[in-house]
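Report on one structure; see the data block that follows.
The values are calculated or read from the model by the stated rules, or taken from the named source; none is laboratory data. Owing to the predicted nature of the structure, the values given are computational and were not obtained by experimental measurement. With ideal geometry, Cβ positions are generated from the backbone for all residues, glycine too; neighbour counts draw on all protein chains shown.
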Amino acid sequence: MQAKIKKLLLAFLTAAVGQSAYAIDLQPGDVIAPKPGINALQLTYQYSEKNDFYSHGNKVAGYPTVSSSVYVVRVGHSFEVGPLPAYFYLQTPFGAVHPKGYSGGSGMGDTSMAFALWPYANRETRTYLGVAAYLVAPTGDYDSSKLVSMGENRYKTALQVGYEMPLSDKISGMTAFDALWHGDNTDAPLPRRHQKLEQDTLYTAQVGARYDFNPQYSLTGTYYYTFGGETSYEGIDQNNSTRLQRFQVSGIGNYSFGRLTLQYSRDLKTENGYFEDGRLTLCYTVRF
């Protein structure tokens with residue numbers, strides 16, 4: 001009986017950690033169209049902890065704490081497509097995920113790329129409408145004999161639309177919506193090794209505001225609501241659709257050597273899966 005309970009815990013843990021990347025989070029100012037001809041290098045460190053697990057809105061005991069430390073390298077370039085501003089970036093994460101008491105995964109994560117285009121960009125009125133397409137390729141380290149890996153062994157694609165406008169001289173408002181589609185993982189990790197993992201489309205709406213103290217310092221706050229993304233193994237639905245609310249606050253400083261961004265986020269409410277107690281992110285961006 002104890003072995004059966006442990007196996008069920010492993011199954012739920014696999015599904016929960018596998019759904020850890022919920023949305024295409026926009027960073028402060030991402031909806032602002034960049035001027036053409038700019039190259040950018042972004043280095044990010046992120047640490048997160050997840051302690052409590054929920055099923056249908058109820059906390060379930062017996063699940064291990066999950067922590068992760070991830071480094072992300074991103075390179076990008078801005079240009080124009082006809083008269084429209086455009087941007088492309090390529091990024092790859094490195095790091096480790098540690099479920100306490102179980103084998104974790106470490107190494108290189110899946111590489112993602114994005115192409116953004118602004119059908120409308122008015123710098124005088126500070127009003128922008130942008131659309132972006134994303135592709136995540138399964139280049140990361142993956143081992144189905146482990147409970148979790150840095151890579152997911154599947155392709156993912158996403159479409160996103162974002163809008164930004166001024167609310168006052170110092171305050172700007174942003175809203176965005178994205179849909180994330182998942183390819184199949186034909187060799188799911190333990191305890192469902194060699195089974196096919198499928199996942200429904202995952203949707204996220206986000207709304208935020210940025211307050212500019214001056215040209216050098218800004219403060220932002222963002223609210224996210226994510227839903228959908230039910231998983232299935234060998235065609236059997238797991239009845240674990242995501243219903244997640246979370247928030248993020250960011251402090252931004254622009255200096256002669258680049259931009260520093262410090263962010264803190266945590267979950268507010270979750271229906272199924274782990275509750276993220278805290279995520280701390282430090283980001284350095286330099287343009288040239």
When every residue in region 25-49 that is polar (S, T, N, Q) and over 13 Å from Cys283 (Cβ atoms) is compared, the one surrounded by the fewest Cβ atoms within 10 Å (Cβ to Cβ) is Asn39
Among residues of region 44-85 being more than 16 Å from Val148 (Cβ to Cβ) and β-branched (Val, Ile, Thr), the residue farthest from the chain's Cα centre (by Cα) is Val81
Out of (1) exposed (fewer than 14 other Cβ atoms within 10 Å of the Cβ); (2) of a type in the set (Ser, Thr, Tyr); (3) at pLDDT 95 or above, the one Ser145 does not meet is (3)
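Look at Thr92 and say whether it is under 30 Å from Arg287 (Cα atoms), in contact with an Asp or Glu (Cβ under 9 Å, 6 or more places away or on another chain), in a strand (DSSP E or B) and modelled with pLDDT of 95 or more. Step through it out loud before you land on a result.
On the way: under 30 Å from Arg287 (Cα atoms): yes; in contact with an Asp or Glu (Cβ under 9 Å, 6 or more places away or on another chain): yes; in a strand (DSSP E or B): yes; modelled with pLDDT of 95 or more: yes.
When the stated conditions are applied, Thr92 passes them.
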- Does Glu49 fit the bill of being closer than 17 Å to Asp277 by Cα, not β-branched (Val, Ile, Thr) and not in a loop (DSSP other than H, G, I, E, B)? yes
Within region 98-115, the count of residues that are polar (S, T, N, Q) and either assigned to a loop (DSSP other than H, G, I, E, B) or at positive phi (or both) comes to 1
Selection over region 62-117 where residues are free of Cβ contacts under 8 Å to residues at least 60 places away in the same chain and touching a Lys or Arg at 6+ places or on another chain (Cβ under 6 Å) yields a count of 6
Log entry, pairs with first residue in region 262-288 being touching a residue at least 60 places away in the same chain (Cβ under 8 Å), second being part of a strand (DSSP E or B) and surrounded by fewer than 13 Cβ atoms within 10 Å (Cβ to Cβ), beta carbons closer than 6 Å, six or more apart or on different chains, reads Phe288/Asn39
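Only one residue in Glu124, Glu164, Glu152 is surrounded by 18 or more Cβ atoms within 10 Å (Cβ to Cβ) and part of a loop (DSSP other than H, G, I, E, B). Which one?
Glu152
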Checked Val70, Val75 against criteria (in a strand (DSSP E or B) and surrounded by fewer than 14 Cβ atoms within 10 Å (Cβ to Cβ)); the one match is Val75
Within region 201-211, restricting to residues that are surrounded by 16 or more Cβ atoms within 10 Å (Cβ to Cβ) and not hydrophobic (A, V, I, L, M, F, W, C), the one that is farthest from the chain's Cα centre (by Cα) is Arg210
- Tell me, yes or no, whether region 251-272 has at least one residue that is touching a strand residue (DSSP E or B) at 6+ places or on another chain (Cβ under 7 Å), part of a strand (DSSP E or B) and acidic (Asp, Glu). yes
Of those in region 231-242 that are under 23 Å from the mean Cα position of the chain (by Cα) and not in a strand (DSSP E or B), the residue surrounded by the fewest Cβ atoms within 10 Å (Cβ to Cβ) is Asn239
Being of a type in the set (S, T, N, Q) and under 22 Å from Tyr225 (Cα atoms) narrows Thr186, Thr139, Thr201, Thr125 down to just Thr201
Taking region 256-288 and keeping residues among the hydroxyl-bearing types (Ser, Thr, Tyr), surrounded by fewer than 16 Cβ atoms within 10 Å (Cβ to Cβ) and more than 17 Å from Thr44 (Cβ to Cβ) leaves Ser256
How many residues of region 222-261 are without any contact (Cβ under 8 Å) to a residue 40 or more places away in the chain and of a type in the set (A, V, I, L, M)? The answer is 3
Residue hits (region 171-212; touching a Phe, Trp or Tyr at 6+ places or on another chain (Cβ under 6 Å), at pLDDT 95 or above and outside any strand (DSSP E or B)) are Gly183, Thr201
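Looking only at region 213-230, which residues are over 18 Å from the mean Cα position of the chain (by Cα) and either assigned to a loop (DSSP other than H, G, I, E, B) or under 15 Å from Arg192 (Cβ atoms) (or both)?
Phe213, Asn214, Pro215, Gln216
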